Number of protein chains: 2
Amino acid sequence: MRFITTISLVVVFMSSYAQNHPNLILTKKGVQSMRAELGRAPLFDETFQTVKVQVDDEIEQGIDVPVPKDMAGGYTHERHKANFFAMQKAGVLFQITQDVKYAEYIRDMLLAYAEIYPTLGKHPEERSYARGKFFWQCLNDANWLVYTSQAYDCIYDWLDKKTVKRLNEDLFRPYAEYISIENPQFFNRIHNHSTWGNAAVGMIGLVMGDEELVKWALYGLDVKVPGDIVRDNDGGAIRLEGQDEAGFFAQLNHAFSPDGYYTEGPYYQRYAMYPFLIFAQGLTNMEPELEILKYRNGLLIKAVDALINQTNTAGEFFPINDAQKGMSLSSRELVNAVSMAYFYGGNDPQLLSIIKNQGRVPLNDSGLGAAKAIAEGKAKPYQYKSMELTDGANGDEGAIGIIRNGDITLMMKYAKHGMGHGHFDRLGFLLYNGADEVIQDYGSARWVNIDHKDGGGYLKENSSWAKETIAHNTLVIDKDSHFDGNVKDADKTSGTPYYFNAENSQVQIVSAKELNAYPDISMQRTMAVLDIDELENPLIVDLFSAQAPTGTRYDLPMYYMGELMSSNQKFQTNNELAPMGKESGYQHLWLEGQADLNGEMFSMTWFNKKNFYTVTSTFQEGDKALLTRIGANDPNFNLRRDPGLIQRRTGGNTLFASLYETHGMYSYSDEIPINSFTSISGLKVLHQSDKYVIIQFGLKTGEKYQFAFSLVNDSEVAKHTVQIDNSSMTWTGVYDFKKIDK
Amino acid sequence: MRFITTISLVVVFMSSYAQNHPNLILTKKGVQSMRAELGRAPLFDETFQTVKVQVDDEIEQGIDVPVPKDMAGGYTHERHKANFFAMQKAGVLFQITQDVKYAEYIRDMLLAYAEIYPTLGKHPEERSYARGKFFWQCLNDANWLVYTSQAYDCIYDWLDKKTVKRLNEDLFRPYAEYISIENPQFFNRIHNHSTWGNAAVGMIGLVMGDEELVKWALYGLDVKVPGDIVRDNDGGAIRLEGQDEAGFFAQLNHAFSPDGYYTEGPYYQRYAMYPFLIFAQGLTNMEPELEILKYRNGLLIKAVDALINQTNTAGEFFPINDAQKGMSLSSRELVNAVSMAYFYGGNDPQLLSIIKNQGRVPLNDSGLGAAKAIAEGKAKPYQYKSMELTDGANGDEGAIGIIRNGDITLMMKYAKHGMGHGHFDRLGFLLYNGADEVIQDYGSARWVNIDHKDGGGYLKENSSWAKETIAHNTLVIDKDSHFDGNVKDADKTSGTPYYFNAENSQVQIVSAKELNAYPDISMQRTMAVLDIDELENPLIVDLFSAQAPTGTRYDLPMYYMGELMSSNQKFQTNNELAPMGKESGYQHLWLEGQADLNGEMFSMTWFNKKNFYTVTSTFQEGDKALLTRIGANDPNFNLRRDPGLIQRRTGGNTLFASLYETHGMYSYSDEIPINSFTSISGLKVLHQSDKYVIIQFGLKTGEKYQFAFSLVNDSEVAKHTVQIDNSSMTWTGVYDFKKIDK
């Protein structure tokens, strides 16, 4: 354990604490600037006015610190949550306006909290692995402290010493102890819950000058977690295998990959970023010599960049793993994060366009800095780039591959499982056309904080549907989810990156393998985004190969968004609907129609919002196409009635080859369809084996293209020769893509 | 018939034609202004630039006048359509820029049309009751001529006389004859098809100085329609009962009510407005003494106003009758209409804000006028008002009632059937929250012009689902549609307006009766939009009473938009789905779940986009609530999988009483639900009879309200007394709404 060696460091820096508040997030100097600059940076002024109206309204309504009772969504939960947001904002307003009504509001509320705190036991709701006091889980109690410590810092010097003493002793120290040493199963994990806990305890420690709390926050507790708590409510492990450290530095060491990817995915990263960054900002102000923002090559700023890159063009995060769709760069956490990344990360003018879209800035140095730069016209459009973001603390445990080309965003996932919030979606992918989902990830089955829906927590359909493999755009074998749906097994391994090349913007490729999801079966998916001269938009090639025993039952689902226009196959629709199975997510699918595939290829066109989309696939004899609808076995109407397409095959070693096209447009006010039909006239597999895949496709205009890929040799200089019928094909490098003679 | 008496008038005004082009839509004077003002009115300049790019692009591509072959959506159809749009625009560009390349483009294309026209028989597609030549129906041929005559006018004086003679004799005169005297079943109707036909023939007549064509256009043909054609493809009658006139004046006399309501509904009104207005503009320029825009108290301008008022706040038309959703004030027809209404209808500055949103203007006098006014900052926000729009040529055949209050728009329909495009939806309603549908009308089952979907025409599900009563938010009796689904019977009568009062913005009421939809059954629906001090949004009261024999089976559907949050009832969901019936639209509904209603009332909350909505209903013993999903018996996936709620009851005289609330909000990036639960604590019927309905509802904050309504006496001074239990309630006027003691 590292505790012994780091104690001395702690002692050294703690002694330099200046008892001169505010100095946590706001600083005396920063506050001077904010006062001086009011009226000069519109975005800052607008945020200031908005916040002032909100807080004045709260003050008008009066203080309410109710006895805790409700789950998320219920009154007491939402009231305490509103209280900490209001206090944090009131603190800032007090510093900027010097109007004591804001300080009094915070003081009075804190005293009400100090009054009630010693009387409270655990929150009456018993379902959490770490029950809080004001909230049903310690996590929310930590949220409260992260925000409230900022408010406290703002009025610390204004309060009389007696009140400070009372608050420190009756409220804040015991509060910090409760969420740390009294709940080590919450505080000592490598997990976003603990990040909040660490930041909360560390920040109040910094404000109070309490060295012990800051030490706990940075380096964790040297205590054992009660033996009977091994998993949290989401099934995540309390202690990771091999975990030998805890605390904020441990989170930084483990939570992010060197590329700034967070293993739980962007939805949770967004949530976790706030405590990471706000505590880091406090440490930057109070302990600059720690150089926390430079730790691990500037990891925290990189993480913001990684987060921005995991969005569609509307700034909405890829909804991988447990994620509520629609969460975006507009969230309060990102409002803080992006301005910080701008201010501390080298003033990238592209970030300013994101901040402009956010429409508000944090009321602190970085927010003012960003708002001033925007007022000076420095903003530049944000340019998404293709990138592979590695997963794992050392960057060697899988990755996600993101390919951008024009309006197209393709994301393929071959990362770690993501612990308790992970989905069984190895080699799954998402496809966007600008902000529109073309092929969707379902996201989580949850209405976050909405009390109607089981208190706003995860719904049981999150496990029975949203996490299962069949809910994702990836291969399901023998109707069972990856790793048989076992999180512990899934956490042990990751996908295997094979090839990522986005250097040539006209031929961008991501390819990865999955060797562990099913015993004795290896899978590899290769996706390419190709510029084709004759097509209006990039074409996506999808080559999913599997090496498996004869008789394997494959289901390859694709959750297209929109209304089915037509298919070249004759689907039989069903006059009665039944669930497609009993488990692994199939119990939630209705089978609306099916077709025995016939002819040269399978083709289906759908329409969504303004554009047409076509999938073209090869098939083998006996393959079926199934049209599905989510919603069976859903007694509380928790699932969206979204459509899906499954290609079903029984066989051994095999290849699923498809093309996805974005084409044409149609507007309901013009009613003139443009290019509503596919441009693909043919698609065939020329070769498939465990070493190579080669496909050929033709356009209606007569051109033919050929794409060849080596599944086993990623050298850019290796030579390959493959026999096809009576001729042989030769190329150098991992892939070969070319137009061939008509 | 009027033909004899009007011939003399025609002769008089035809002699005054000035052969001095352009003088149809553009005028020599107007063109001077446009040239002079270029660069001064940004919206005009932007449109000009956009149009120039489009036409230059078309010229670049070269002229193609293919032999007709395809249906809508197919190449030849879309090419000929693109041609007439391009020629019309090129004509304007020629006049503004004086660049002869535009004139040459039109001339060459017209000569190509003149070359091919004499060789053509009827279009090969045989399905229309009036087949065209370039298109599958005369309607589209008329579209072509309406646009092309404008182009021809723009180059008329520039062309050499020989070319003019050739075009007049080989192309335009025979073209005009084909869509008039050779197809009287198309030309001589009271119908939007004929409006296009009349305008087309009249406009080319004005351009060529062909008095006979103009006479036909204005006053119709004195010919008999071939006896075997009595209905069009949509089932609409070729000759209305009692019809004694035809032509443009007859359209004006019959198509609109005195309020400017068009019996087919706003979707078709939008389509019809273009020929009405563009021909009227031509007549205004060439025959100002006709004062066509003042005809019937300025009916055409009133019609534009009526159309604007039949939209949600995004400018999307109420999708009543056959209507594709999303058609809006942004359509090209309305771009022309709204600028004309501004220019010729008194320069209402509120119209300018609509024109601003349209983002383009017609390139003519009215477009320039509007663009200049916008550049001068004259635009004012458009204020929707509550209004009742009567139906029927004399305004005495039913109506629609539109109530606006804040973001709430309620529309109830008790108009005429709307002929071939009508739906069986008497007493149906729609509810919007701003631009969001709260309770939707399905619209038509059609993908207009999209070839994938049966050539872009009406799908068979339009009749089997979209027109049926069960597809609407109104009462279905004994599982059969109104008028047993018979258009002819439905066309004979209309709903009966009973009471419309929007004078007091806090209590707005619409009430109407339907006495013909079902034999021996009278129905009356009364809806009120009420301001309630304690509620954040207006509350909608819905009182649907029916006088019917004992044992009548009632189904009252409601097509809510969004995701079901919760209900106070225990719904049983079905593990297998079956269609709910065999006909009348029931065959397209899956029954997802059902509840036997229990307790004090029925309550269900749903969420859509950003807001929560709750319906609260009373019920009687034995009532059931059914949760439905559209999509059964839909072999081509032509129907949207939208949810519905049906309240089912068996009984005699009865009352369905409901409240609709819009409440709270939730954003996916904030995740903080506000006011997500209903505020209603109770709802009960205090009295129901064929004379009165009285309901009482309570709020969770303790207040109680009472609403009483007289179903038979609409006098504002009549006194009413109703015995309730042991006390009596007395009021004056049609209704009484008040807060009662807690």
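The values are calculated or read from the model by the stated rules, or taken from the named source; none is laboratory data. None of the values given here were measured: they were computed from a predicted structure. Note that each Cβ is placed from the backbone with ideal geometry, even for glycine, and that neighbours are counted across all protein chains shown. Side chains are part of the model used for accessible areas, which takes the heavy atoms of the whole protein and leaves out ligands, DNA and RNA. Shrake-Rupley method; radii C 1.70, N 1.55, O 1.52, S 1.80 Å.
Quick notes
- 30 Å Cα-Cα threshold exceeded, pairs from A:LYS453/B:LYS700; A:LYS609/A:LYS739; A:LYS302/A:LYS513: A:LYS609/A:LYS739
- Computed helical MRE - 222 nm, chain A, DSSP H runs ≥ 4 contributing -39500 (n - 2.57), nearest 500: -9500 deg cm²/dmol
- Structural descriptor for the stretch A:387-740: relative contact order 12 percent, calculated from alpha carbon pairs under 8 angstrom and at least 6 residues apart.
- Ignoring aspartates and glutamates fewer than eight residues from B:LYS488 along the same chain, the ones with Cα atoms less than 16 angstrom from its Cα are B:ASP232, B:ASP234, B:GLU241, B:GLU264, B:GLU397, B:ASP425, B:GLU468.
- Each Cα pair under 8 Å and six or more residues apart adds its separation to the average, and for chain A the resulting relative contact order is 8 percent.
- Heavy-atom accessible area order for B:ASP391, A:ASP365, B:ASP484, largest first, 1.4 Å probe: B:ASP484, A:ASP365, B:ASP391
- Computed extension gain for B:GLU600 through B:VAL685, at 0.36 nm per residue and net of the alpha carbon distance, reaches 29.5 nm.
- Cβ-vector label at 7 Å, A:GLU291, separations to other copies in nm: 8.8
- Spin-label model, A:LYS700 to B:THR119: label points 7 Å out along the Cα-to-beta-carbon direction sit 2.5 nm apart.
- Förster-model FRET efficiency, 35 Å R0, A:ILE181 and A:LYS582, C-beta, rounded to 0.05: 0.15
- q = 0.33 Å⁻¹, the stretch A:135-177: log10 I(q)/I(0) [Debye, one scatterer per Cα]: -1.16
- Starting from the label point of A:ALA375 at 7 Å along Cα→Cβ, the same points in the other copies fall at 3.4 nm, in ascending order.
- Subset of A:LYS416/A:LYS467; A:LYS460/A:LYS624; A:LYS413/A:LYS467 violating a 21 Å alpha-carbon distance limit: A:LYS460/A:LYS624
- Diffusion constant of the protein assembly as shown at 10 °C, which comes from Stokes-Einstein with the Kirkwood Cα-pair radius and 1.306 mPa s, µm²/s: 45 µm²/s
- In straight-distance terms, cross-link reach from B:LYS378 covers every one of the lysines whose alpha-carbon lies under 21 Å from its own, apart from those fewer than eight places away in the same chain; here that gives B:LYS356.
- For A:ALA112, inter-copy separations between label points set 7 Å beyond Cα along the Cβ vector come to 7.7 nm, shortest first.
- When the alpha carbon gyration tensor of the stretch B:235-286 is reduced to an equivalent ellipsoid, its three semi-axes come out at 20, 15, 10 angstrom, largest first.
- Percent RCO, i.e. relative contact order, over the stretch B:410-538, from Cα pairs under 8 Å lying at least 6 residues apart: 23 percent
- Solvent-free Debye scattering, log10 I(q)/I(0), computed from the Cα coordinates of the stretch A:387-740 at q = 0.06, 0.09, 0.12 Å⁻¹: -0.21, -0.48, -0.88
- log10 of Debye I(q)/I(0), alpha-carbon scatterers only, for chain B at 0.08, 0.10 Å⁻¹: -0.68, -1.01
- Axis angle, to the nearest 10 degrees, between helix B:295-309 and the longest C-alpha principal axis of chain B: 60 degrees.
- Acute angle (nearest 10 degrees) that the helix B:42-61 long axis makes with the longest principal axis of chain B, alpha-carbon atoms: 60 degrees
- Given +1 at the Cβ of Lys and Arg, -1 at the Cβ of Asp and Glu and no other charges, the dipole of the protein assembly as shown around its Cα centre is 840 debye to the nearest 20.
- Interface size A-B, as summed buried accessible area [1.4 Å probe, Å², nearest 100]: 4800 Å²
- Translational diffusion of the stretch A:381-424, µm² s⁻¹ [Kirkwood Rh, Cα pairs; Stokes-Einstein; 4 °C; 1.567 mPa s]: 111 µm²/s
- Net charge, A:THR732 excluded, C-beta distance under 15 Å - Lys, Arg +1, Asp, Glu -1: -1
- In degrees, nearest ten, helix A:28-37 long axis to first principal axis of chain A (Cα): 70 degrees
- Computed magnitude of the charge dipole of chain A (debye, nearest 20; Cβ of K, R +1, Cβ of D, E -1): 440 debye
- Spatial extent of the stretch B:91-219: Rg and Dmax, with the Cα atoms as the point set, Å: 14.5, 43
- Taking 16 Å as the straight-line reach from the Cα of B:LYS81, the lysines in range (excluding those fewer than 8 positions away in the same chain) are B:LYS69, B:LYS89, B:LYS133.
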